[in-house]
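Rule-based calculations on the coordinates, nothing more; no lab input. Keep in mind it's a predicted model, so treat the numbers as computed, not measured. With ideal geometry, Cβ positions are generated from the backbone for all residues, glycine too; neighbour counts draw on all protein chains shown.
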Amino acid sequence: MLDQVAKILIDEKKLMNRVQELGKQISEDYEGKDLVVICILKGAIMFTADLVKAISLPLSIDFMAVSSYGSSTKSSGVVRILKDLDEEIEGRHVLIVEDIVDTGLTLDYLVKNLLSRKPASLKICCCLDKPERRKTPVKVDYVGFIIPDEFVIGYGLDYDEKYRNLPFIGVLSEEAYR
Ligand code: PRP
Ligand code: 7HP
């Protein structure tokens, strides 16, 4: 699998350090609040698992699965809900946790959808932000890393459902696309 990685963009140590910083900031910001962390499947699983361990507050975790990429490296622009939340979020403080914000279409859809359920507040925490690719503006409250316009894999991110289990963020080699 490693021979399909052109380069490592963010290594495991850098990821873990940044996750700790984000967890500390989120713990301060949500002190005394009823916090629901929403992990957007599947890409955000690794990031969410590490992030919630770095948050020193009582919280609940829920999951939503949406898809806009299918098996390609390009967003289809059409967001589909594959799995909805188990819990009600009305009156609660909601933090969406995503692996990456790219075109912004997924988060734009999610924000509109979740705001219609009347949470007390709604914020976004993303591990990676690729601002050059944005098609619609999205206000991301907590950002792990800003990255260039390269297709990345690992730490939850896939290409055709593979490479999610790499412990770092890497760039996929051109041979792997073929
Ligand atoms: C990926 C990623 C984000 C979204 C970001 O999800 O996990 O949810 O794309 O792209 P955007 O900003 O251009 O909308 P994907 O649909 O590939 O599903 P996955 O998380 O299951 O891999
Ligand atoms: C979605 C996505 N999935 C994996 N790698 C990337 O660079 C991506 N951008 N948007």
Requested in this report: Go ahead and estimate [θ] at 222 nm for the chain from helices alone: -39,500 (n - 2.57) per DSSP H run with n ≥ 4, summed, over the residue count, rounded to 500.
Outcome: -7000 deg cm²/dmol
Query raised in the report: Which of the lysines could a cross-linker span from LYS24 if the Cα-Cα distance has to be under 18 Å and same-chain partners fewer than 8 positions apart are dropped?
Result: LYS13, LYS14, LYS33, LYS53, LYS123
Report task. Describe numerically, in nm with one decimal, the distance between label points set 7 Å from Cα along Cα→Cβ at ASP62 and at LEU115. Result -> 1.8 nm
Query raised in the report: Among LEU35, PRO58, VAL138, which residue has its Cα positioned farthest towards the positive end of the charge dipole of the chain, with +1 placed on the Cβ of Lys and Arg, -1 on the Cβ of Asp and Glu, and the dipole taken about the Cα centre?
Result: VAL138
Query raised in the report: For the pair GLU31 and LYS7, what calculated FRET efficiency results from E = 1/(1 + (r/R0)^6), where r is the Cβ-Cβ distance and R0 = 35 Å, to the nearest 0.05?
Result: 0.35
Query raised in the report: Using the beta-carbon distance between TYR177 and LYS14 and R0 = 25 Å, what value does 1/(1 + (r/R0)^6) give for FRET efficiency, to the nearest 0.05?
Result: 0.45
Requested in this report: For the chain, report the convex hull volume of the alpha-carbon atoms normalised per residue, in Å³, without decimals.
Outcome: 104 Å³
Report task. May I ask you to sort ASP99, ASP158 by Cβ crowding, counting other Cβ atoms within 10 Å and putting the fewest first? Result -> ASP158, ASP99
